Structure formats: C-alpha cells, structure tokens
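Asks: Let me begin by handing over the structure; questions about it come next.
The values are calculated or read from the model by the stated rules, or taken from the named source; none is laboratory data. All values reported here derive from a predicted model rather than from experimental measurement. Note that each Cβ is placed from the backbone with ideal geometry, even for glycine, and that neighbours are counted across all protein chains shown. Note: accessible area is taken over every heavy atom of the protein model, side chains too, but ligands, DNA and RNA are not part of it. Shrake-Rupley method; radii C 1.70, N 1.55, O 1.52, S 1.80 Å.
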Amino acid sequence: MNLANRITIARITMIPLFMLCFYFYSNVASSEQAPIWTTMSYVLTVFLFVLAAGTDKLDGYVARKYNQITNLGKLLDPLADKLLISAALIMMAEAGMVPGWMAVIIIGREFAITALRMAASGRGIALAADQFGKIKMVLQVIAITAVLLHNFPFSLFTTFPVDQALLAAATFVTLLSGCNYIIRNLSYFK
C-alpha cells in the first residue's frame, strides 16, 4: 500500500476518534463535572477535525507528486471526505449546533452524487469531480470548523454569527454544486 492511500486510511481512522471526542465534550460539558476533561476533549475534537480535513489535500498532493494514483485511492479519498463531513454534521445537529435541515441537504447531496457516480461506473463511465465540488468541500470544512470553534475568532470582532452564515453559504453552494454536477453529467444517462 502506498503512502497516499495510508494517509487516506489514517483520515478515515480519525473519524471515530473525532466522534468520540465530540461525544465526550458535548456530554461532559453539560454536566460540568470535569472541566479539564471537557476542555481537553473540545481541543481534541477541533484538532482531529482540522487534521482529518487537512490530510485530504496532503494525500492528493502525495498521490500526484509521486505518481501514486490508484483505483483504491480514487475510491477511498471521496469516501473519507463524505464520512468526515457527514459524521461532523450528524454529531453537531444532535448537539444543536447546526440546523438538522442543513445537515440533511449536505449529506443528501453527497449520497445523490455518490449514487450517480456508482450508476455511471456501472456503465463504464468515470465521472470526475469538478472545481465547484472542490470549492464546496473547502467551504464545508471552513464552516464546520467555525461552528466547532463557536464563532471564534469572528466573535472577537462582531456579535454576528459568522459561523452560521458560513454554514448557510456552504449549504447553498453544496446544493448548487450538486445540481450543477447532475446537469453537467446528465448526457451520460440519455
């Protein structure tokens, strides 16, 4: 197994750790029984999410630079992205940090595009991700990080909920990118 695929697998293994830290943080924080553990689990939650999201660029860079692009990597990389974003949104929706409908739109788009790609793959067609989808992913990561940080550092300058505005923008761009992807690739299914 090459380095790029190992990085992707490491990202996937960070997801349950992120979820465990988030769960511990959100449950212990409300009970106020162990403030040091609450703080540590919060820091670990944010760190693991940012680290996992950051390795997305790293594995792609390594795969291209060292010619390590494989079919396994093509399968695992987008799967890791979807799992990370979905896990974060589900945990945050359960904790009341994001509206459930936004989580449903973002996760629903990911399932719809994955289904479209699988259907195309069954016909021997490989549907590549476009630039709009990459922008969507970056915006989702920024928005989720801002929500995890409870609007920090924006809260230093304004009372406006920039984190929620970023999340709304990410939801809108996610919906647009999904529609664009379907329309752009519709000709393959006629």
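Asks: Mind giving me the nanometre distance, one decimal, between the label points for residue 119 and residue 152, set 7 Å out from Cα along Cα→Cβ?
Replies: 4.5 nm
Asks: Considering the dipole of the chain built from charges on the beta carbon (Lys and Arg +1, Asp and Glu -1) around the Cα centre, which of 8, 54, 181 is farthest to its positive end?
Replies: 181
Asks: How large is the accessible surface per residue of the chain, computed with a 1.4 Å probe and reported in Å² as a whole number?
Replies: 56 Å²
Asks: If you average the alpha carbon positions of region 93-133 and of region 38-55, how far apart do those two centres end up, in angstrom?
Replies: Taking the Cα centre of each part, region 93-133 and region 38-55 sit 24 Å apart.
Asks: Enter the angle in degrees (range 0 to 90, nearest 10) between the Cα long axis of helix 35-65 and the first principal axis of the Cα atoms of the chain, meaning the one along which they spread out most.
Replies: Once rounded, one gets 20 degrees.
Asks: Then there is this: Considering all alpha-carbon pairs of region 59-105, what whole percent are spaced by more than 16 angstrom?
Replies: Considering region 59-105, 52 percent of its Cα-Cα pairs are separated by more than 16 Å.
Asks: Taking K and R as +1 and D and E as -1, what net charge do the other residues with C-beta under 13 Å from the C-beta of residue 87 add up to?
Replies: Taking every other residue near residue 87 into account, the sum is -1.
Asks: Oh, and also: Return the calculated 222 nm mean residue ellipticity for the chain, to the nearest 500 deg cm²/dmol, obtained by summing -39500 (n - 2.57) across DSSP H runs with n ≥ 4 and dividing by the residue count.
Replies: So the calculated ellipticity at 222 nm is -28000 deg cm²/dmol.
Asks: Another question, if that's okay. Can you order the peptides 127-133, 48-54 by their average number of other Cβ atoms within 10 Å per residue, highest first?
Replies: Highest to lowest by the protection proxy: 48-54, 127-133.
Asks: At 7 Å along Cα-to-Cβ for each site, give me the label-to-label distance between residue 75 and residue 142 in nm.
Replies: 3.4 nm
Asks: If you put +1 on each Lys and Arg Cβ and -1 on each Asp and Glu Cβ, how big is the dipole of the chain around its Cα centre, in Debye rounded to 20?
Replies: Value, rounded to 20: 860 debye.
Asks: By how many degrees, 0 to 90 and rounded to 10, does the Cα axis of helix 162-185 deviate from the longest principal axis of the chain?
Replies: Relative to the chain, helix 162-185 is tipped by roughly 10 degrees.
Asks: Helix 3-31 sits at what angle to the longest principal axis of the chain, using alpha carbons and giving 0 to 90 degrees rounded to 10?
Replies: 30 degrees
Asks: Straight-line reach only, C-alpha to C-alpha below 30 angstrom: list the lysines that residue 65 could link to, leaving out same-chain residues fewer than 8 apart.
Replies: 57, 74, 82, 134, 136
Asks: When the convex hull of the Cα atoms of the chain is projected onto a plane and the area is averaged over all directions, what value comes out in nm²?
Replies: 12.1 nm²
Asks: Could you work out what % of the accessible surface of region 34-190 is carbon and sulfur, using a 1.4 angstrom probe and leaving DNA, RNA and ligands out of the count?
Replies: 73 percent
Asks: Express in Å², to the nearest 10, the accessible area of residue 24 obtained by rolling a 1.4 Å probe over the protein heavy atoms while all chains stay in place.
Replies: 90 Å²
Asks: Tell me, what HN-Hα J-couplings in whole Hz come from the Karplus equation 6.51 cos²θ - 1.76 cosθ + 1.60 at θ = phi - 60° for each residue of region 89-96, using x for Gly and Pro?
Replies: Going residue by residue, I get 5, 5, 4, 6, 5, 4, 7, x Hz, with x marking Gly and Pro.
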